[in-house]
Every structure is written in C-alpha cells, then in structure tokens.
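Visitor: Structure in structure tokens, see below.
Since every read-out is calculated from the coordinates, none of them should be taken as a lab result. Here the structure is a predicted model, which is why all the values come from computation and not from measurement. Cβ placement follows ideal geometry from the backbone for every residue including glycine, while neighbour counts extend to all protein chains displayed.
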Amino acid sequence: MKKKTIGPEVQKVRESLFASFEEKKKELEDSALDEKLNSGWIDVTKNYPRTHGSIHPLSRVQKRVEEIFTSMGFEIYEGPEVETEWRNFDALNIPSTHPARDMQDTFFINSKNDDPHKNTVLRTHTSNNQIRRMMEGGVPVRVAVPGRCYRNEAIDASHDAIFYQVEGLMVDKGISLAHLKGTIQTMLSELFEREVTIRFRPGYFPFVEPGLEVDFSCLICNGKGCKTCKNSGWIEFMGAGMVHPNVLRNCGVDPEEYSGFAFGFGLTRLAMMKYGIDDIRLLFSQKKEFLAQF
Ligand code: PHE
C-alpha cells in the first residue's frame, strides 16, 4: 500500500533532481566554454614563418590600381581571355580588311568560319570589354577592366607575348577629354604617391576618334631626361581617345546623345616603374631571389 502512494512521490523528486542536475551541468559547461573563448584565442598567423609566397609585383600594382579606380566611382569588370573575333576586332571598328589588324599579331583559336561571331582569338587587348560591358549593362558607364592579353610577338627586355592591361571606359552625357586627363592624372598621382603630369600626343586606334598616345612625366629624373625615358623626360604610357561613334552604335548607344573616353594601358610598365625593375623578363622569371623582395 505504502509503495503505491510513496512510489510516484519518489519518482517526482527523482525527476526534479535530475532536471536541476542537468541544468547545473549545462550551466557549468557553458561557462567553461565562455571562459575558454574569452581567455585563450589562438592567432594562427602570429610568428608564422614566411617560408613561401609573397604577392607578385604585378598583382600588387593591379590591386592598387583597382582600388584607386573604385575610389573614383569606377566599377571593376572582367571578361574571358578567349574572345570572339567580332568583339576583339569588328565591333571595335576593325573589320577583317582593316590594316590595323596587322598592328596586333593575333593568336587565333579558331579562324575557319566566315562569321567573326564564330571565330575565336586570344584577346589581343582588353578593349573587347568595352563592347561586353556596354552590351550587357548599357550606359552611362564608368568601368575599369584588368586582364591578361596575348600577342604573337618576339620577346625581349620590354616585350612579352603575354601582358597585362587595364582598360578604362567612361560614357555619359557630356564626357570630354578633360575628364580623361583628370582621371589618369589622379590615378597616376595616387599610385606613385606624388604629383604626376601627363601629356597627350596624337595617336591612331580605329575605335577612338580622336585617338591619343598618353605619356607621363618620368619619375626617375623628374622630367630632366635619363636613360629610362631615353632623355625625353616622358614615359610612353597608353593609348586612349574618345570612343568612336561606330563603336557606340555597335553597342546600341546613340552617339548623338552620349560620348565617352576609353583608354588601355599596360600594367607591366607601371610595375617596373613603381619597383625600379629594369627587365620585363624578371617579372615572369619565377626567380626566388627576385620575388622574395616583395
Ligand atoms: N587597345 C589598345 C592597345 O592595346 C589601347 C587603347 C585602348 C587605345 C582604348 C585607345 C582606347 O593598344
């Protein structure tokens, strides 16, 4: 009889004891974990021996250039290295009969078709991305496009068949060469952390009109003339100009309403200038003694 009445009572007490036991256990575990988290976190990067890897000078310069353009309101865009013949040439006002095609010795991936939309090349410049970006996103546009390009060239101290360019494109209502000048002068001055001046010379590229060659003041001799600038005081920097109306039209943009500038420069020369590297081949040499300096 007693068992019948006391049994459930005992069971109740047992359950409540178990519950408070579990509760206390959890509390202790939580506080132990908190303590551990608060006291001893491990910095896995501390004192890590630098046994391998550093950031390549080209990547460093590219990253900095991207940061500067971003700070000026440009978006960063990237396109593929294998491009249609149409985007690399035709859309940029360079039809197959155009003598300007000889300016860029091209690696063709596929050249069997009559249709330039079907043939493919290793892009010879980043200008193809003017087309991509305007066709995809329309205008107004303010974009910088870093990328690797390919030309079938003889390799020497200042040329390589693979090189890195940065394309720039700004299209809106009322854009002029003054905007180009301000943009480039600011970018270079930020990059080199000192006042850099630029100058325009007439140049020819079928996708711009007028076309320009842009030089910047030599940073080694401050414009007085030295070996690096071949005594001219200026460093040849990039091609640029106002986007040709045909290019705008090919991308569905009305040249009566919109205008813009475009430019394309090599990253290699900038990296060489920034770090005082005198032979382009060092950049791709994989020499440890060279790379370990960065
Ligand atoms: N694409 C040209 C080159 O590779 C450079 C350029 C870009 C010129 C944009 C004008 C405008 O030489």
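Visitor: Between Glu195 and Lys46, what is the spin-label point distance in nm, taking each point 7 Å from the Cα along the Cα→C-beta axis?
Guide: Here the answer is 4.7 nm between the modelled labels.
Visitor: Please give, to one decimal in nm, the separation of the simple spin-label points placed at Glu209 and Met103, each 7 Å out from Cα toward the Cβ.
Guide: Placing both labels 7 Å beyond Cα along the Cβ direction yields 1.4 nm.
Visitor: Among the lysines, which have Cα under 28 Å from the Cα of Lys181 when same-chain residues fewer than 8 positions away are ignored?
Guide: Lys63, Lys173, Lys224, Lys227, Lys230, Lys274
Visitor: On a straight-distance basis, which aspartates and glutamates could pair with Lys12 in a cross-link, Cα separation under 16 angstrom, same-chain partners fewer than 8 positions away excluded?
Guide: Partners within reach: Glu22.
Visitor: Please give, to one decimal in nm, the separation of the simple spin-label points placed at Glu136 and Glu153, each 7 Å out from Cα toward the Cβ.
Guide: Placing both labels 7 Å along Cα→Cβ, they lie 2.6 nm apart.
Visitor: What's the extension gain from Phe294 to Arg249 if we count 0.36 nm per residue and subtract their Cα-Cα distance?
Guide: Working: separation 45, 0.36 × 45 = 16.20 nm, distance 4.49 nm.
Fully extending the segment from Phe294 to Arg249 adds 11.7 nm.
Visitor: Still on this model: Quick test of your reading: applying the under-4.7 Å Cβ rule, which cysteines of the chain are isolated?
Guide: Cys149, Cys251
Visitor: Pick out which of Glu136, Glu22, Glu209 has the largest mean-square fluctuation in a Gaussian network model of the chain, springs linking Cα atoms closer than 10 Å.
Guide: In the Gaussian network model the winner is Glu22.
Visitor: Are there trypsin sites (Lys or Arg not before Pro) in the range 93-182 that DSSP marks as loop and that have at most 13 other Cβ atoms within 10 Å, and which are they?
Guide: When the trypsin sites (Lys or Arg not before Pro) of the range 93-182 are filtered for loop state and at most 13 Cβ neighbours within 10 Å, Lys112, Lys118, Lys173 remain.
Visitor: Also, I was wondering about something else. Non-local amide H neighbours of Ile109 (under 5 Å, H modeled in plane, Pro and chain starts lacking H): which ones?
Guide: Amide H to amide H, under 5 Å and 5 or more residues apart or across chains, Ile109 pairs with Thr120, Val121, Leu122.
Visitor: Another question, if that's okay. Exactly which chymotrypsin sites (Phe, Trp or Tyr not before Pro) in the range 144-222 are in a DSSP loop and have at most 16 other Cβ atoms within 10 Å?
Guide: Tyr204
Visitor: Let me ask you something else. Give the separation of the Cα centroids, the range 234-294 to the range 23-48, in Å.
Guide: What the calculation gives is 51 Å, centre to centre.
Visitor: Students often forget the sequence filter, so: which lysines lie under 25 Å Cα-Cα from Lys36 once same-chain residues fewer than 8 apart are removed?
Guide: Within reach: Lys24, Lys25, Lys26, Lys46.
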